[in-house]
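The structure appears right after this line, and notes come after that.
The values are calculated or read from the model by the stated rules, or taken from the named source; none is laboratory data. For clarity, every value in this text was computed on a predicted model and none was experimentally measured. In this analysis, Cβ positions are derived from the backbone assuming ideal geometry, glycine residues included, and neighbour counts consider all displayed protein chains.
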């Protein structure tokens, strides 16, 4: 039974700390408490709240981590989330998730209604009944997988010591997704590298979740095989990442912002996923099929999100990866991240709470 008297696990005496971070980000929004939301909103938030608690506890058990992690939701339409730490409260970390990062009521229904996405998933061309069981399961899977990925992304910032690089990070904490540091290109290269590290951890956690979830739906037309389940995950992940993109982002000013755009993040994760699947032949997805399917998912999601005018089109970014030269911008960018990771890794190791970091000679992906 859900405790309706509380949302999140943040101790009320720490509200001030999270609120001070919000103020420094220029966000005027309260932390969600039951009296601030109606029954419909509470019914939407409560399952996310329970999922966050479960993921945090599972993460602590898996890596034998004893620190306290408190989470809360912020009543803001901004697409944002952040992990935070303050030396004033040792052995305690915080995760704040803005309600705008859970835009499933807007983004995901329009995503699965778009013809390009429906063709990719093998759903009937016309939407039909929105409450059809198959459609409901598709929507629920996308909402759940995107949220779980987001929570695990923040947990990666905590586990891998990112929050303790305070000499590079504003306000003594690490804010994922929307805290942009204008024109601090060297700092932003560091943050891009840390983002890729957190992305890969979160995606690794989700692989096992997706396979297990697929096994629970043997008769569903999309989820009855691993590839179908992975398609849904890539679509939902790209959509949630895409909401974090800056509207004025372009290849020419890549390091003007603290986070790489969704296209680069998902393309990198597709490469990481291919390497992972090669090590797990039992999953039954070969490398070429995976890379082709991942690309189709990204293209379909982009067409749906921009064609429906939910998000602004960034233009054709394929030249970032293949511009006809031997050293496309992507190669230069990834080499810079690889070099930065080698420098960051020794600084992160003393703060690693559990598990391992990617080796210095390899990308954090």
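For this structure, a couple of remarks:
- Tally, over the range 38-56, of residues that are without any contact (Cβ under 8 Å) to a residue 60 or more places away in the chain and touching a strand residue (DSSP E or B) at 6+ places or on another chain (Cβ under 9 Å): 3
- Qualifying residue in the range 37-44 (condition: at pLDDT below 90, under 29 Å from residue 204 (Cβ atoms) and surrounded by 15 or more Cβ atoms within 10 Å (Cβ to Cβ)): yes
- Answer residue from the range 23-37, given it is part of a helix (DSSP H, G or I) and free of Cβ contacts under 8 Å to residues at least 60 places away in the same chain and is farthest from residue 83 (Cα to Cα) among those: 35
- Helices (runs of 4 or more DSSP H) enclosed by the range 248-365 - at least 1 residues per element that are modelled with pLDDT of 75 or more and over 22 Å from the mean Cα position of the chain (by Cα): 262-279, 287-307, 329-348
- Residue that is nearest to the chain's Cα centre (by Cα) [pool: residues in the range 196-223 that are in a helix (DSSP H, G or I) and surrounded by fewer than 15 Cβ atoms within 10 Å (Cβ to Cβ)]: 208
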